[in-house]
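The values are calculated or read from the model by the stated rules, or taken from the named source; none is laboratory data. Keep in mind the model is a prediction, meaning the values are calculated, not measured. Glycine gets a Cβ as well: all are built from the backbone with ideal geometry, and neighbour counts include every protein chain shown. Only protein heavy atoms, including side chains, enter the accessible area calculation; ligands, DNA and RNA are left aside. Shrake-Rupley method; radii C 1.70, N 1.55, O 1.52, S 1.80 Å.
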Amino acid sequence: MTTASKIPASLRMIPSIDQLLRAQELAQLRQKIGTKRLTAIARLVTSDMRAELSSATGRSTLSNTEADATSLLAEAVKRTIQTCELERSAGSRRVINATGVVLHTNLGRAPLSEAACSAMAAAGRYSTLEYDLLTGTRGTRGGRVEALLRQLTGAEDALVVNNCAAAALLILSVLAGDGETIVSRGELVEIGGDFRVPDVMATSGTRMIEVGTTNKTHLDDYRRAINQSTRLIMRVHPSNYRIIGFAGTPQLSDLANLAHQSQLPLYEDAGSGQLHNSELADEVPVNNLVSQGADVVSFSGDKLLGSVQAGLIVGKSSIVDKLRRHPLYRALRSDKIRLAALEATLDAHVREKATSEIPAIHMLATTATEIRDRALPLIEKAAKGGSTLQIEMVSGDSAVGGGAAPGSPLQSTLLALTHEKLSAQEIETRLRRFSTPIIARISDGKVLIDLRTVFADEESLLCDALRSI
Ligand SMILES: *Cc1c(COP(=O)(O)O)cnc(C)c1O
């Protein structure tokens, strides 16, 4: 039989959409994703197969199989299931973070506390978002969160928006949109690729007046830049980098004095939002910024605070109230789910239970010895379960991540995985394709697993994955 006469015959044997939808193997899938979606996928699959069979190149896998109706139907079923799985894995899925990067931006920054998760679930129905249970009348959105923020930072008032970028935009627009904002050249930061101080300034309408140099900015540099059009002095925390060596900026309290002498507010974009003293280099707690004279401070909810994405603003009542009343606030304000999670997280901070209850803070506080004590039994269990991986324990570093404390690597104990037949890339891929995907890193030809960011109740899943390789 010549190729020319074989093609039309095999094309006729491609299953119809109806035939494919009736296939027993797809019955469950049809229940799961619905007839409409399954039909659309079936149509795609059969039209792909038709294109492949009629292509002159004959390079497709199809032209190599015996093109009879049964095998074409089986192939179509297989492809339909694969397409559905691909669609599913493209969505948001839970993963196990074995990278040791605590605030991993690509993996959703801070993991939430159990209290925050249940608070979000509870708020999912109706909630007292803007309702006062005592009086049965309208209440204030985020009132409790604002009160907790006041307690934690000592500020007069507080406000919550979508993220720290939104907070910066709101503050710059409202306080300085019609004039100039002074900022040091050493603080024109870019965070995570799309938050850039000069761009946010431009969007807000304020004119950015840069002072000083990259490494040194003096109080006098700020003083000389102040004029009739000045509306604000802004300080930006260099979250994800440090200038070391011959470098310096004025003390916050000195800068605050200068601002106040000229009746100007001082704004600090603190970024990571540390609420307590910690050992992380150069992360100043927000309450210190407030007590040293910053009139308004913004920081993120999902960095060192350990909660959901949010932009938290604390400061003088006169300023925060102005922000609250501005139409832009209405566009940037928080929903009930975020507020519920924040409230639960801040509550743990106020009760001084952050280290035990908030996962990100717990992970940051874990020592290399504690991690080794978890690693030992895990290695044993994996080996007993017949894993063909070579697993050794090595010391190495975890990272804070999320653009915070770049100067504070965290000492850790890592599992280093190698295999006789598999490359590090292949091991990494298998872990990533595991039923609960495990995200690990590769260094020097080894796959590294850092238990710092793996929850204790995820260890058995991790062990199953190691055994399955
Ligand atoms: C992280 C960060 C931001 C951006 O915060 P998001 O909450 O991600 O919008 C802004 N400024 C500083 C200094 C930061 O560290």
Report the residue count in the stretch 228-252 for those that are open to solvent by 20 Å² or more (accessible area, probe 1.4 Å), within 16 Å of the ligand (Cβ to nearest atom) and in a strand (DSSP E or B). 1
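Just checking, how many residues over the stretch 12-49 are of a type outside the set (Ser, Thr, Tyr), open to solvent by less than 50 Å² (accessible area, probe 1.4 Å) and over 34 Å from the mean Cα position of the chain (by Cα)?
The initial filter retains those residues of the stretch 12-49 that are of a type outside the set (Ser, Thr, Tyr), namely 12-15, 17-34, 36-38, 40-45, 48-49.
Still in the list and also open to solvent by less than 50 Å² (accessible area, probe 1.4 Å): 14-15, 17, 20-21, 23, 26-27, 29, 34, 38, 40-42, 45, 49.
When the remaining residues are screened for being over 34 Å from the mean Cα position of the chain (by Cα), the result is 14-15, 17, 20-21, 23, 26-27, 42, 45, 49.
Matching residues across the stretch 12-49 total 11.
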Top-ranked residue in the stretch 266-279 [being in a strand (DSSP E or B), touching a residue at least 40 places away in the same chain (Cβ under 8 Å) and in contact with a Gly (Cβ under 9 Å, 6 or more places away or on another chain); ranked as farthest from residue 295 (Cα to Cα)]: 271
Any residue at all in the stretch 355-374 that is assigned to a helix (DSSP H, G or I) and within 15 Å of the ligand (Cβ to nearest atom)? yes
Can you list the helices (runs of 4 or more DSSP H) lying wholly within the stretch 125-205 that have 3 or more residues being within 16 Å of the ligand (Cβ to nearest atom), in contact (Cβ under 8 Å) with a residue 12 or more places away in the chain and not acidic (Asp, Glu)? 164-176, 197-204
When the stretch 253-265 is examined, which residues are found to be open to solvent by 30 Å² or more (accessible area, probe 1.4 Å) and in contact (Cβ under 8 Å) with a residue 24 or more places away in the chain? 253, 254, 257, 260, 262
Within the stretch 299-321, restricting to residues that are among the β-branched types (Val, Ile, Thr) and open to solvent by 10 Å² or more (accessible area, probe 1.4 Å), the one that is nearest to the ligand (Cβ to nearest atom) is 308
Might you let me know whether the stretch 91-98 holds any residue that is within 30 Å of residue 371 (Cβ to Cβ), open to solvent by 60 Å² or more (accessible area, probe 1.4 Å) and assigned to a helix (DSSP H, G or I)? no
The stretch 418-445, residues that are in contact with an Asp or Glu (Cβ under 7 Å, 6 or more places away or on another chain) and either without any contact (Cβ under 8 Å) to a residue 60 or more places away in the chain or not in a loop (DSSP other than H, G, I, E, B) (or both): 442
Here is a list of conditions, (1) of a type in the set (A, V, I, L, M); (2) in contact with a strand residue (DSSP E or B) (Cβ under 8 Å, 6 or more places away or on another chain); (3) surrounded by fewer than 20 Cβ atoms within 10 Å (Cβ to Cβ), and residue 422 meets all of them except one; can you say which number that is? (2)
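Let me confirm something: among 352, 380, which residue is free of Cβ contacts under 8 Å to residues at least 12 places away in the same chain, over 30 Å from residue 123 (Cα atoms) and surrounded by fewer than 18 Cβ atoms within 10 Å (Cβ to Cβ)? It would help to see each step written out before you state the result.
Working: 352 fails: over 30 Å from residue 123 (Cα atoms).
Criteria check complete, one pass: 380.
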Going by the structure shown, is residue 324 in contact (Cβ under 8 Å) with a residue 24 or more places away in the chain, within 16 Å of the ligand (Cβ to nearest atom), under 30 Å from residue 121 (Cα atoms) and open to solvent by 30 Å² or more (accessible area, probe 1.4 Å)? no
Checking the condition open to solvent by 30 Å² or more (accessible area, probe 1.4 Å) and modelled with pLDDT under 95, which residue from 205, 192 passes? 192
Would you check if residue 213 is away from the ligand (no atom under 15 Å from the Cβ), more than 27 Å from residue 285 (Cβ to Cβ) and surrounded by 15 or more Cβ atoms within 10 Å (Cβ to Cβ)? no
Selected residue (criterion: modelled with the lowest pLDDT) from residues of the stretch 226-265 that are touching an Asp or Glu at 6+ places or on another chain (Cβ under 8 Å) and closer than 14 Å to residue 288 by Cα: 237
Mind listing whichever residues of the stretch 99-112 are surrounded by fewer than 24 Cβ atoms within 10 Å (Cβ to Cβ) and within 17 Å of residue 457 (Cα to Cα)? 99, 111, 112
Considering the stretch 386-417, residues that are assigned to a loop (DSSP other than H, G, I, E, B) and of a type in the set (Ser, Thr, Tyr), and then whichever is farthest from the ligand (Cβ to nearest atom), we arrive at 388
